[in-house]
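All of the numbers you see were taken from the coordinates with simple rules; none came from a lab. Here the structure is a predicted model, which means the values were calculated and not measured. When we count neighbours, we look across all protein chains shown, and the Cβ atoms used for this are built from the backbone with ideal geometry, even at glycine.
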Amino acid sequence: MHKSQKKALQFLVPMILAAAVTWITLHPFFEVSYRTPFLLYFGAIFISAAIGGSRSSIIATLSCVIFSFLFILPGYRPSAEIFGVATFIFMGEGLLVSGLFRRIERIQQKLAESEQRFRGIIEKSAEGTVMTDQDGKIGYVSPSFTKFLIDVTDNLDGKQIQSLIHPEQAEEFQDQLNKLINHEIAEMAFIVQVMAKEGRWIWIEGVAMDHLEEKSIRSIVFQCRDVTSRIELEMQKEDFLQITSHELKTPITSIKGFIQVLKKKHVNEGRTQDITIIDRIENQSGRLEHLIEDLLDVTRVKNGELPYRFSIIDLTECITEVISAYQAIHPDYTFVFLPLGSVKVYADKDRIGQVLTNLLNNAIKYSPTVDRLEISVSREGAQIKTSVKDYGIGIPVAYRQQIFERFYRIPALPKEAFNGLGIGLYISNEIIKKHGGMMGVESEELKGSEFWFKLNMAQPVD
Ligand code: ADP
């Protein structure tokens, strides 16, 4: 409604009502109202307040007083004095009612301002906010969400949030949503693709929280942001990693082959003086090959393509083989092995060997001053725990979780002193997870670390 129309209404309504009440009061048919005219006038005040607020109720009060003096007083039977007192009391009460309405108006105004402020925070935020009911039906969408999403003209109200998600991710999204609603998880983190303008799929990352039981919200609140450029960059890096490691693998395999041919030739021709150099080349190319294999494994693990050949294996035998190989390369080191007899686990022997190799490698690398390592096997319920303990530099508490992440290296460590790519523990952890086991570390800074992994036993140990 226009402002001037609203103002006119604020004046007109109380006056018309006051006039109408006066007419009713004067009508001979309404004897009762004549006796108590002010009772009816109160009705006019309330209706005016409801329509035009406190201002209208003041106007109604004054109009009623004027009309009553003009039209009711002349024929008022009890006495003019009584009428005067009654008018005075009526006016006081009328103004009191107006005061009360004014107060209610102020409270309403404050509430509206505060709602406006909070709405503004949500609407101006870079994060998109979507509120749905428990079935995912959208009830509110912030402008920032529509800005980067579907065409702005599209009205999302009443649509299912699941319908916006890429078909390949919709099922997983729904599963997570069910878990959130059933209180199996406290919050739902998601990275999914949604249909954006011009039929483009964009990546959004966010969290959903269940506020269905909160009276003032009664919704599931999704907060998210557009992370397409970040994800695309990650994908490019991933592709680069995969392509380069593949490209590097072929030449290194040939180089190794040629080195062996060369070595054989030198041995046959009795040119033993060059053998040490060839051995070194072979050794270094072996290291290079190992590194490339690890890089390839990273992408294989990420894509779930790391091949496994499971069978029942003797863990003690597997550990002994790895230690013997290491002892041969590091004759100065003392490898203390505390076995537990024959221990059968259902596992991929090569992959478990790979995990042990990574752990022994790290234990040696990060213990520059102590040349003693302890490997032990113990039984924990239905699981077998294998530990590799070193007396090296240890790991600060803050990093003990992160070191299992891909490419994570403790930032404070001097890179020139400890080389590496930060993938050994990531691959190892993924391999153990694939075996249904778990991996962890206990450590004390400057005193050493104990890395362990637990595997399920294939059969009980006697
Ligand atoms: P890399 O050793 O190639 O950096 P890893 O994934 O094997 O990669 O290890 C990740 C990080 O964990 C290492 O950079 C190192 O900081 C820390 N770390 C791993 N093993 C040990 C250990 N035995 N002692 C101390 N720090 C370790």
Quiz item: Around SER219, which amide H atoms from residues at least 5 apart in sequence, or from another chain, sit under 5 Å from its own amide H, with H modelled in the peptide plane?
Solution: HIS211, LEU212, GLU214
Self-check item: Viscosity 0.890 mPa s, 25 °C: Kirkwood-radius Stokes-Einstein D of segment 152-242 over Cα pairs, µm²/s
Solution: 167
Quiz item: On full extension of the chain, what length is gained from ILE329 through LEU95, given 0.36 nm per residue of separation minus the C-alpha to C-alpha distance?
Solution: 74.3 nm
Self-check item: Derived scalar couplings ³J(HN,Hα) [segment 160-173; Karplus, 6.51 cos²θ - 1.76 cosθ + 1.60; whole Hz; x for Gly, Pro]
Solution: 7, 5, 4, 6, 8, 7, 4, x, 6, 10, 4, 5, 4, 4
Quiz prompt | Virtual spin-label span in nm between TYR140 and GLN383, 7 Å along Cα→Cβ | solution = 4.4
Practice problem: Per residue of segment 51-63, in order, report the coupling 6.51 cos²θ - 1.76 cosθ + 1.60 (Karplus, θ = phi - 60°) as ³J(HN,Hα) in whole Hz, putting x for Gly and Pro. | Solution: 7, x, x, 5, 4, 5, 5, 5, 4, 4, 4, 5, 4
Quiz item: Straight-line reach from LYS349: which lysines have Cα under 23 Å away, leaving out those fewer than 8 places along the same chain?
Solution: LYS302, LYS385, LYS389, LYS433, LYS434, LYS454
Quiz prompt | Relative contact order of segment 378-462, pairs being alpha-carbon contacts under 8 Å that are 6 or more residues apart, as % | solution = 43
Quiz item: Expressed as an acute angle from 0 to 90° and rounded to the nearest 10, what is the orientation of the C-alpha long axis of helix 80-124 relative to the principal long axis of the chain?
Solution: 20
Quiz prompt | Mean separation of Cα contacts under 8 Å, 6 or more apart, over the residue count of segment 11-159: relative contact order % | solution = 18
Quiz item: So if we plug the beta-carbon distance of GLN162 and VAL397 into 1/(1 + (r/R0)^6) with R0 = 30 Å, what FRET efficiency do we get, rounded to 0.05?
Solution: 0.15
Practice problem: Please state, to two decimals, what the Cα-based radius of gyration of the chain comes to when divided by 2.2 N^0.38 Å (N = residues). | Solution: 1.81
Quiz item: From the backbone phi of segment 438-452, what are the Karplus-calculated ³J(HN,Hα) couplings (6.51 cos²θ - 1.76 cosθ + 1.60, θ = phi - 60°) in whole Hz, Gly and Pro given as x?
Solution: 9, 10, x, 8, 10, 7, 10, 4, 6, 10, x, 9, 10, 8, 9
Quiz item: Is segment 330-377 rounded, prolate or oblate when judged by the Cα gyration tensor, a ≥ b ≥ c being the square roots of its eigenvalues, rounded requiring a/c under 1.5 and prolate requiring a/b larger than b/c?
Solution: oblate
Quiz item: Can you give the extra length, in nm with one decimal, that the chain gains between ARG200 and TYR408 once fully stretched, where that is 0.36 nm per residue apart less the Cα-Cα distance?
Solution: 71.6 nm
Quiz item: Which log10 I(q)/I(0) values, to two decimals, does segment 1-102 give at q = 0.18 Å⁻¹ under the Debye formula with one point per Cα?
Solution: -0.77
Quiz item: Can you give the angle from 0 to 90° between the axis of helix 315-329 and the longest principal axis of the chain, with both taken from C-alpha atoms, to the nearest 10?
Solution: 60
Quiz prompt | Cut-off 15 Å, label 7 Å out along Cα→Cβ of MET235, residues of segment 107-149 by amide N | solution = none
Self-check item: Helical contribution to [θ] at 222 nm, DSSP H n ≥ 4, -39,500 (n - 2.57), averaged over the chain, rounded to 500
Solution: -18000 deg cm²/dmol
Self-check item: Angle between the chain longest axis and helix 349-365 axis [Cα atoms, degrees, rounded to 10]
Solution: 90
Self-check item: Label-point separation in nm, GLU247 to LYS447, each point 7 Å along Cα→Cβ
Solution: 4.9
Quiz prompt | Inter-site label distance for ARG271 and LYS3 at 7 Å from Cα along Cβ, in nm | solution = 10.0
Practice problem: Mind jotting down a quarter of the surface of the convex hull over the alpha carbons of segment 26-168, in square nanometres, one decimal? | Solution: 14.3
